[in-house]
Amino acid sequence: MSRMPFRWCWRKDLSKFRGLSDRDRPGFLVALEWFENFRLRHQMPAGRAAARAFWRLEVLREEVTRENWQLEQWESAIQWYL
């Protein structure tokens, strides 16, 4: 009998995590969905290298200005994920 590989579900963990306010949870979800889409599109394993590439290539793009609160929230989301 073949076994399905274990798949970590960060979404489920995030929905149960009590360390976030109701205001911050949607921002974490947006940032982590964005990161996961980037990671999968580039066929990168989950981890620090993927997070660094995502931050450099997506978040800090020169043609887009980010608000400080966005960067802080997204950084917290990635740290939580890692």
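For segment 65-82, what are the residues that are assigned to a helix (DSSP H, G or I), at pLDDT 90 or above and open to solvent by 60 Å² or more (accessible area, probe 1.4 Å)? ASN68, TRP69, GLU72, GLU75, GLN79 - these are the residues of segment 65-82 that are assigned to a helix (DSSP H, G or I), at pLDDT 90 or above and open to solvent by 60 Å² or more (accessible area, probe 1.4 Å).
Annotation note: Cβ proximity below 8 Å between a residue of segment 40-51 that is closer than 15 Å to TYR81 by Cα and a residue that is open to solvent by 70 Å² or more (accessible area, probe 1.4 Å) and outside any helix (DSSP H, G or I) (sequence gap 6+ or interchain) occurs for ALA46/TRP8; GLY47/LEU82; ARG48/LEU82; ALA50/HIS42; ALA51/LEU82. Of the listed requirements (1) farther than 17 Å from TRP74 by Cα; (2) of a type in the set (A, V, I, L, M); (3) open to solvent by less than 50 Å² (accessible area, probe 1.4 Å), LEU40 misses just one: (3).
None of ARG52, ARG11 is at pLDDT 85 or above and among the charged types (D, E, K, R) except ARG52.
The values are calculated or read from the model by the stated rules, or taken from the named source; none is laboratory data. Just so we're clear, the structure is a prediction, and the values are computed from it rather than from any experiment. Positions of Cβ are generated from backbone atoms using ideal geometry, with glycine treated the same way; all protein chains shown enter the neighbour counts. With ligands, DNA and RNA removed, areas are computed over all heavy atoms of the protein, side chains included. Shrake-Rupley method; radii C 1.70, N 1.55, O 1.52, S 1.80 Å.
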